[in-house]
Amino acid sequence: MTSILFVCLGNICRSPLAEGVFRAVADKSGHGGPLRVDSAGTGAWHVGNPPDPRSVEVAARHGIDISRQKARQVTDDDFHVFDHILAMDPDNLAHLKRMQARSGGTLPRLFLETPDRAVPDPYYDGADGFEQVYRLIEAGSLALLDRLAR
Ligand code: 4NP
């Protein structure tokens, strides 16, 4: 079993989308072996809430249902549960690194290994921002699947 946790700030825009898109891409590729995929936020403002309607909508447009997810905050335990803890941007990575220094366990990394490194926070953007986030997450998910297969 390979387990992956995607992390952003609120766990309502980017990481729920990454959870849904990565799961879909992995299922479609016939990824060998069981996968546990989850997402969380470094912040607590939206705990218990469903994903942002703009993320639900962009996912639905691409045939993916993320509407039943519920936001949660990253915990120290996560570092002892997940094999991969992947941050959506350098600020969230810095937060995760501080947590990991206390808790031990899995070292967090950036989700994107491309030069832009960040899936930008779309919270204050319009629908265009969410489509851009979707494309970055889809490309990042394919690259991640490739890394996991090697
Ligand atoms: P996310 O987006 O980190 O991709 O879920 C955000 C959601 C909410 C806030 C910031 C970013 N917020 O400040 O409430």
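Read-outs: derived from the displayed coordinates by stated rules, not from any lab. These numbers come from a predicted model, not from an experiment. Virtual Cβ from ideal backbone geometry, glycine too; neighbours counted across all protein chains shown.
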**Message:** Taking θ = phi - 60°, what integer Hz values does the Karplus form 6.51 cos²θ - 1.76 cosθ + 1.60 yield along the stretch 89-104, in sequence order, with x for Gly and Pro?
**Reply:** 7, x, 5, 5, 4, 4, 4, 5, 5, 5, 5, 5, 4, 7, 8, x
**Request:** For the stretch 2-149, just run the numbers: alpha carbon Rg, then divide by 2.2 N^0.38 Å, N being how many residues it has.
**Result:** 0.95
**Of 28, 97, 70, the one that fluctuates the most in a GNM where the chain has Cα springs shorter than 10 Å** = 28
**Prompt:** If we count every other residue with Cβ under 11 angstrom of residue 105's Cβ, Lys/Arg +1 and Asp/Glu -1, where does the sum land?
**Reply:** -3
**Item:** Extension gain from residue 47 to residue 142, taking 0.36 nm per residue of separation minus the Cα-Cα distance
**Value:** 31.4 nm
**Complete:** Plugging the Cβ-Cβ distance of residue 91 and residue 67 into 1/(1 + (r/R0)^6) at R0 = 30 Å yields, to the nearest 0.05, a FRET efficiency of 0.65
**Request:** Would you mind checking which residues have amide H under 5 Å from residue 73's amide H? H placed 1.01 Å from N; only 5 or more apart, or other chain.
**Result:** 41
**Request:** Let me know the whole percent of all Cα-Cα pairs from the stretch 37-85 that are separated by more than 17 Å.
**Result:** 43
**Message:** From the helices alone, meaning DSSP H stretches of at least four residues, give me the mean residue ellipticity at 222 nm for the chain, per-run term -39500 (n - 2.57), in deg cm²/dmol to the nearest 500.
**Reply:** -13500 deg cm²/dmol
**Fill in**
Kirkwood-based Rg/Rh on the Cα set of the stretch 10-50 evaluates to 1.08
